[in-house]
Each structure stands twice: as C-alpha cells, then as structure tokens.
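Derivation of every value follows stated rules applied to the coordinates shown; laboratory data play no part. Every value quoted in this text rests on a predicted model; they were computed, and no experiment measured them. In this analysis, Cβ positions are derived from the backbone assuming ideal geometry, glycine residues included, and neighbour counts consider all displayed protein chains.
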Amino acid sequence: MAKQHGAGGSSSFQLKSKLQRFGLAALVAAAFGLMLLGKADILLVEKGRILFNDITAPVLMLLSKPAEVTVRVMQNLHELVSIRRQNAVLRAENEKLNLIKLDTEQLRRENEELRDLMKYIPLPEASSVSARVIADTGNSFVQSLLAYTGYHHTVKKGNVVLTGEGVLGRISSVGVNVARILLITDINSRIPVKVEPMNAQAILSGDNTEYPQLISLPNNVKISVGDRVITSGAAGVYPAGLPIGTIVSVADGIIKVRPFVNRNHLEIVRIVDYGLSGLLADPICEVSR
Amino acid sequence: MRSFPVNSPVFTYLAEKLRFYSPKLLTLFILLFSLAPTYLPGYSAVRPNFMLIPVFYWAVYKPENFSVIAAFTFGLMQDLLEETPLGVNTLVFTVFYILAESQRRFLSNKPFSSVWVGFAVLSLIILFLNWLIIAINYGRFSPFGTAFVGYLILLAAYPVVVWPCARLYLYLLDKNDGDV
C-alpha cells in the first residue's frame with residue numbers, strides 16, 4: 001500500500017513537473033505572440049500603450065520630483081557662484097536685443113505693407129502648449145520621453161516638440177493626459193534637413209546615440225565640422241528653418257550631428273502644431289476623452 | 001477610547017495579503033522610479049534595464065511570492081511604458097526568470113559576491129538576447145557599445161537596487177519564522 005502511495009506520488013510529481021514545463025513554454029510562446037501582435041495591429045498596441053501611460057502618469061510625475069529638486073538646487077548653487085559674470089553678459093545682450101527689436105519692428109511694418117500689396121495668403125498660425133517631462137523612457141534601444149499635458153490639451157500626433165534651443169522631436173502618441181515624444185536621436189527617427197551654408201539636402205537619421213547621423217547627402221557636397229543643420233520642410237513633417245544642430249564629426253563617411261537641444265536639462269517642452277499634414281492621418285491612435 | 005483592532009481577522013488577512021504581494025509592489029516601485037528623469041549628461045543613451053535586478057533576486061530567493069507570470073507581466077508593463085516593440089521585454093524577463101530560477105539551488109546559499117557574479121553572467125546573456133530581438137524587430141542593429149555600457153552600469157548598481165529587496169526578504173523571513 002505504501003509502495004502504491006509512493007508510486008502515485010511520484011507520477012503526480014512528474015505530471016506537475018511536465019505541466020510546469022508546458023506552462024513556461026506557453027509563456028515564452030505568448031511573449032512571441034505579443035511581438036507578432038505588435039507588428040500586426042499597431043493601432044491596438046498604441047492605444048493600449050498610451051492608456052497604460054495615462055494610468056501611471058500621476059505616479060511618474062511624483063517620482064520625477066526628487067531629481068528635479070536636486071537639479072534645481074545644483075543649478076541655483078552654480079548660478080550663485082557665477083552671478084556677477086552672468087549679470088554683465090546679460091546686460092550687454094539686452095542692449096543688443098533692444099537695438100535688434102527696433103530693426104525688427106521696422107521690418108515687420110514693411111512686411112505687412114508688401115503682403116498687402118501682393119494679396120498674400122498667410123499660413124495658419126502655429127498653436128502651442130507647454131508640457132512637463134515626467135519620464136525618460138530612453139535606453140540604448142529606444143529614445144523617447146513622456147510629457148504630461150494635462151486633461152485639456154490640443155496636442156495631436158505628429159506635432160513638433162521644441163525647446164528654446166531647437167527641435168527635440170515629435171509627438172508619436174497622445175493619451176488623455178500624457179503624450180509620448182519620439183526624439184530625433186531615436187533609431188526610428190528620420191528628418192529631412194538642410195545643411196547650411198550650402199543648403200545641401202539630407203536626412204537626419206537617429207541611431208539611439210547622442211549624435212544622430214546625416215545620410216543621403218549628395219556626393220559632391222563638402223561638409224565641414226561646425227556647419228549648421230536645420231529642417232528643410234520636405235515631406236511636410238517639420239516646417240522649414242527649425243534649428244536641429246551642428247556637424248560635430250566627419251570621419252570614414254559617417255557624419256555626426258550634435259543636437260542643439262541639451263536633453264539633460266529638459267523640464268518643460270513646447271509642443272507646437274504647425275498645421276502640417278505630412279504624416280498619414282491616424283485619428284484612432286488618439287484615445288477619446 | 002477604542003483601540004485599533006490589530007488582531008481583527010480582517011486586519012490580519014489584509015496584512016498577510018500585503019506581505020504576500022510586497023515583492024511585486026516593490027518591483028513595481030523600482031520599475032516606475034527607474035523611469036524618472038535623472039538629468040545626467042549622456043545617461044539616457046545608456047540607461048540600463050534595472051528591472052532585471054528584482055526579477056533575478058525574487059527568482060532566486062522567493063519564487064513563491066514572485067512567479068514567472070509576474071515576470072511576464074512586469075515585462076509587458078515595461079514594454080507599454082517604454083517605446084520598445086511589444087513583447088521584447090516580456091520575452092526577455094520571462095527567459096531571464098527561467099534562467100535565474102534554474103540556478104536557484106546553486107545561488108541561494110552562496111555569499112553576496114557569488115550571487116553578484118551569477119547575476120553578471122545571466123544578465124550578459126540576456127543583454128545579448130535583448131539586443132538581437134530589437135535588431136530583428138527594427139531591421140537594423142543598435143550600437144552594442146552603448147548597450148554594453150548600460151550593462152556595466154547595471155552591474156555597478158546591483159548592490160544599491162538589491163538592498164531594498166534584501167531588506168524586504170529578511171523582513172518576510174522574520175515574519176514567517178514568527179508565525180511558525
């Protein structure tokens with residue numbers, strides 16, 4: 001009887017072990033299934049992703065505060081140390097800007113008169129909102145940020161994200177109170193650009209490093225370190241003339257660009273709607289409120 | 001004045017449930033906290049996958065409170081929070097958990113340094129798997145150098161991230177001994 005019980009116990013143990021192995025294999029298969037789902041139904045995955053981001057946004061906002069406070073304290077200390085020098089520099093800049101303001105005002109008046117003469121139809125005014133960066137979801141495989149837009153926002157997929165220094169990226173998905181920013185350094189980012197001063201057209205291609213590459217440049221163009229890169233406006237994704245960065249290295253046929261935007265000091269970004277329709281319309285991707 | 005009913009069945013039940021789910025709650029906190037902006041120059045390009053640490057730790061020391069399904073779920077949550085293709089972290093965490101749990105009988109009685117080395121070996125394998133799957137998904141290779149730098153940061157951060165997990169494990173151990 002004891003032997004029968006022992007044999008029964010052993011076979012149930014073997015069965016349990018087999019079921020466990022089957023369960024593990026099923027989970028691995030489910031993970032592959034999720035990958036296929038991600039490729040097959042991008043919109044469903046995007047909706048689920050942004051819904052989850054909306055749910056976790058309040059906690060992410062709270063957890064981003066300690067780092068923010070630490071950085072502010074460090075910045076205040078730095079500023080206190082260099083305040084006298086900065087004061088002098090700012091006074092000189094202010095005087096220059098006042099002079100430029102006078103010239104700009106005159107040019108504006110001339111522009112209005114000329115437009116009126118030519119019956120010029122202007123582009124729609126760009127609208128913008130400010131948003132706080134609450135999560136840095138970047139790593140060595142993706143480069144993106146989450147920004148908290150609040151509940152009453154007009155942010156749309158494809159809107160351009162700027163800082164005072166230049167282009168940061170564009171909105172890749174929008175939720176109820178968060179928006180995901182795909183950075184220009186992301187491996188999936190491709191931006192039509194121009195290299196000044198020769199106005200050579202090229203594509204800025206992200207590669208998940210800090211310095212994205214310039215590709216598809218015409219063969220006969222000579223690029224130098226320090227040349228400025230701006231958006232070209234091609235394909236209607238980004239308007240023309242927005243500052244991107246400068247050429248930082250040209251070696252072995254690889255041209256690297258240093259973005260103007262310092263990603264390490266991002267707290268508030270500006271999300272601008274230029275009214276461009278370069279991307280395919282994707283209304284389902286925005287979660288309805 | 002009425003005293004707080006700490007011995008009431010409801011409170012006891014809730015406390016037991018909280019203890020049971022505490023490894024998962026701590027792991028959730030680590031997941032969300034790891035996404036906070038750090039403002040460190042160059043960090044975002046090499047930010048490591050800190051979630052590998054609690055998944056490894058619970059697989060080795062407390063698999064009864066943190067199963068492979070939990071690892072699967074946290075992988076899915078990380079996929080949703082980041083912009084990585086769906087299923088990548090899900091697969092990576094599941095495989096990593098299976099590997100870590102398979103080494104449980106070798107690692108669970110070893111000193112901290114040996115466990116750290118064990119983590120280093122397993123996470124390097126997983127790093128390579130992660131890099132390969134991402135490359136297949138995107139159709140091009142991300143620089144392995146930045147991923148490797150992230151791996152080194154992960155190893156250096158292991159004692160810091162594992163410390164709260166270890167404190168919680170000791171607390172749960174004491175509580176279990178106390179109940180017995």
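Computed values, structure above
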read-out: Residue-span extension gain [A:Glu95 to A:Leu43] - 0.36 nm each, minus C-alpha spacing; value: 13.5 nm
read-out: Given charges at beta-carbon only (K, R positive; D, E negative), |dipole| of the protein assembly as shown in Debye; value: 1120 debye
read-out: 24 Å Cα-Cα threshold exceeded, pairs from A:Lys157/A:Lys222; A:Lys16/B:Lys17; A:Lys47/A:Lys156; A:Lys47/A:Lys194; B:Lys17/B:Lys62; A:Lys101/A:Lys156; value: A:Lys157/A:Lys222; A:Lys16/B:Lys17; A:Lys47/A:Lys194; A:Lys101/A:Lys156
read-out: Estimated distance in nm for a label pair at A:Lys65 and A:His78, the labels positioned 7 Å out from Cα along Cα-to-Cβ; value: 2.4 nm
read-out: Span-like helix ranges in chain B, DSSP H, alpha carbon extent 24 angstrom or more, Kyte mean at least 0.5; value: B:9-34, B:112-138, B:144-179
read-out: Inter-site label distance for A:Ser216 and A:Ile254 at 7 Å from Cα along Cβ, in nm; value: 2.1 nm
read-out: Distance between modelled label sites at A:Ser17 and A:Arg115, nm, 7 Å Cα→Cβ extension; value: 8.0 nm
read-out: Summed side-chain charge close to A:Ala135 - residues other than A:Ala135 whose Cβ falls under 10 Å, Lys, Arg +1, Asp, Glu -1; value: -1
read-out: Equivalent ellipsoid semi-axes, the protein assembly as shown, via Cα gyration tensor eigenvalues times 5, rooted, Å; value: 50, 26, 23
read-out: Among A:67-80, B:76-89, A:25-38, B:122-135, the order from most to least packed when residues are scored by Cβ within 10 Å on average; value: B:76-89, B:122-135, A:25-38, A:67-80
read-out: Part-to-part distance (alpha-carbon centres) for region B:86-129 and region A:220-238, which is given in Å; value: 45 Å
read-out: Using alpha carbons only: equivalent-ellipsoid semi-axes of region A:127-289, gyration tensor based, whole Å; value: 28, 16, 13
read-out: Estimated [θ] at 222 nm from DSSP helical runs (n ≥ 4, -39500 (n - 2.57)) normalised by residues in chain B, nearest 500; value: -25500 deg cm²/dmol
read-out: Most positive-pole-ward Cα, A:Ala57, A:Ala179, A:Tyr238, against dipole of chain A from beta carbon charges; value: A:Ala57
read-out: Averaged over A:182-190, number of beta-carbon atoms from partner chains that fall within 10 Å; value: 2
read-out: Between 0 and 90°, nearest 10: helix A:65-81 axis offset from chain A longest Cα axis; value: 30 degrees
read-out: 0 to 90° range, to nearest 10: angle between helix A:2-40 axis and chain A longest Cα axis; value: 20 degrees
read-out: Fewest-first sequence of B:Ile69, A:Ile244, A:Ile203 by Cβ atoms within 10 Å of each Cβ; value: B:Ile69, A:Ile203, A:Ile244
read-out: Helical mean residue ellipticity (222 nm; -39500 (n - 2.57) per DSSP H run of 4+; nearest 500) of chain A; value: -14000 deg cm²/dmol
read-out: Residue-averaged beta-carbon neighbours from other chains (10 angstrom radius) around A:128-135; value: 2
read-out: Computed magnitude of the charge dipole of chain B (debye, nearest 20; Cβ of K, R +1, Cβ of D, E -1); value: 180 debye
read-out: Residue order, fewest to most surrounding Cβ atoms within 10 angstrom, among A:Leu107, B:Leu35; value: A:Leu107, B:Leu35
read-out: Ranked A:Phe52, B:Phe20, criterion: other C-beta atoms within 10 Å, fewest first; value: B:Phe20, A:Phe52
read-out: Förster radius 56 Å - calculated FRET efficiency between B:Phe11 and A:Gln106 (Cβ-Cβ, nearest 0.05); value: 0.15
read-out: Kirkwood estimate for region B:54-180, i.e. one over the average of 1/r between Cα atoms, Å; value: 15.6 Å
